[in-house]
Amino acid sequence: MYLEMLSGRLTLTPYETLHPRRVLDCGTGTGMNPLYRHVHPDTEVLGVDLVPIQPVRFEVDDLELEWLFPENHFDFIHSRDLVTAIKDWPRYFAHMYKHLSSGGYVEISEHSLDTFRTPDSTHPPNSCYTQWLTALTNSLTQLGAHPSLTLRDYSRLLRDAGFVDIEEYEFQVPVGTWPRDRGAKRLGGLFVENAKTGFEAYGKNLMLRGGGEEGEVERVIRECGEEMRRGRWHVYYLHWHIVARKP
Ligand SMILES: C[S@@+](CC[C@H](N)C(=O)[O-])C[C@H]1O[C@@H](n2cnc3c(N)ncnc32)[C@H](O)[C@@H]1O
């Protein structure tokens, strides 16, 4: 889905000209690591995650604790979809700054969780999508995360950490295949594939941990899945990339 969103690119950093020697992928999941290797076989890529689910070089670590890497070590640090995980963003970005070499880049890739957007009036108020998002963001707030951060907030936090040449990118990701535009329709279709398991995988555990009642949480997730299959609502969310350089 992200490759589709970025028109086949892995990142928006000037990666090819940077040709980084050492890359850190934060909260790597099953995400980017093999893809980086594909682009630069000689690049040393390290993925860090709480959970050991990576097929390549990988360390189990908690990114919210002190980072034990050498200072000025990495040329590129990538961080995608950690809005549900990071509680102290200023500290997280300070770690990145400290362990990135001078002239190195960070790329932060996050998405809106505040609300779903619609270009018309097809999306009713208090829909199951909105209920899902509200329950999720309430839980995340209770757990100390910051689901309402915006593109501008991430940029400001990076600037405060000392980064320069900050570039902001914003994409609309359709929830479903409703757009007429072929690229947007394809992106929405990929989102649907993700969301078949994603509404539950992404939300259920967090909503229960935030005090949600199991039957109610399951109802909202079920209705979101059904509605997505029906595809009546023209809904999208925003996904952001912020690229910044350490001077
Ligand atoms: C939503 S997934 C994103 C995975 C990957 N970045 C991607 O975009 O495909 C979030 C990942 O961050 C990891 N994670 C959450 N909190 C973390 C922490 N404090 N330290 C390291 N990894 C963490 C989770 O285990 C999970 O694999």
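Read the figures in this text as sums done on the coordinates, not as results from a lab. Everything numeric here is computed off the predicted structure, so don't read it as measured data. All Cβ positions, even for glycine, are placed from backbone atoms using ideal geometry, and neighbour counts span all protein chains on display.
Within the shell defined by Cβ-Cβ distances under 12 Å, the residues around Gly144 carry a net charge of 0, with Lys and Arg each +1 and Asp and Glu each -1. May I ask for the distance between the Cα centers of segment 134-168 and segment 100-114, given as a whole number of Å? Taking the Cα centre of each part, segment 134-168 and segment 100-114 sit 11 Å apart. Projecting the Cα atoms of Ser121, Met1, Val164 onto the charge dipole of the chain (Cβ charges, centred on the Cα centre) puts Ser121 farthest toward the positive pole. Straightening the chain between Leu12 and Arg209 buys 67.5 nm, computed as 0.36 nm per residue apart minus the Cα-Cα spacing.
DSSP beta bridges fully contained in segment 2-245 are about 50 percent antiparallel. Give the residue from Leu190, Gly211, Trp89 lying farthest towards the positive end of the charge dipole for the chain; charges sit on Cβ (+1 for Lys and Arg, -1 for Asp and Glu) and the dipole is referred to the Cα centre. Checking the options against the dipole of the chain, the answer is Leu190.
When the Cα convex hull of the chain is projected onto planes of every orientation, the mean area is 13.1 nm². Taking a straight line from the alpha carbon of Lys246, these lysines sit under 25 Å away, with near neighbours fewer than eight places off in the same chain left out: Lys87, Lys98.
Electrostatic tally near His78: other residues with Cβ closer than 9 Å to its Cβ, Lys and Arg +1, Asp and Glu -1, net -1.
Computed 3J(HN,Hα) for segment 11-27, one whole-Hz value per residue from the Karplus formula 6.51 cos²θ - 1.76 cosθ + 1.60 where θ = phi - 60°, is 8, 9, 5, x, 5, 5, 6, 5, 6, x, 7, 10, 10, 10, 10, 7, x, glycine and proline marked x.
Based on DSSP H assignment, which helices of the chain show an axial Cα extent of at least 18 Å together with a mean Kyte-Doolittle hydropathy greater than or equal to -1.0?
Working: long enough: 128-142 (21 Å, -0.04); 182-209 (39 Å, -0.39); 214-230 (24 Å, -1.32).
Membrane-span-like by this rule: 128-142, 182-209.
Ranking Pro20, Trp178, His239 by Cα position along the charge dipole of the chain, where only Lys, Arg, Asp and Glu carry charges on their C-beta atoms, puts Trp178 farthest toward the positive end.
If you put +1 on each Lys and Arg Cβ and -1 on each Asp and Glu Cβ, how big is the dipole of the chain around its Cα centre, in Debye rounded to 20?
Around 600 debye, computed over the chain.
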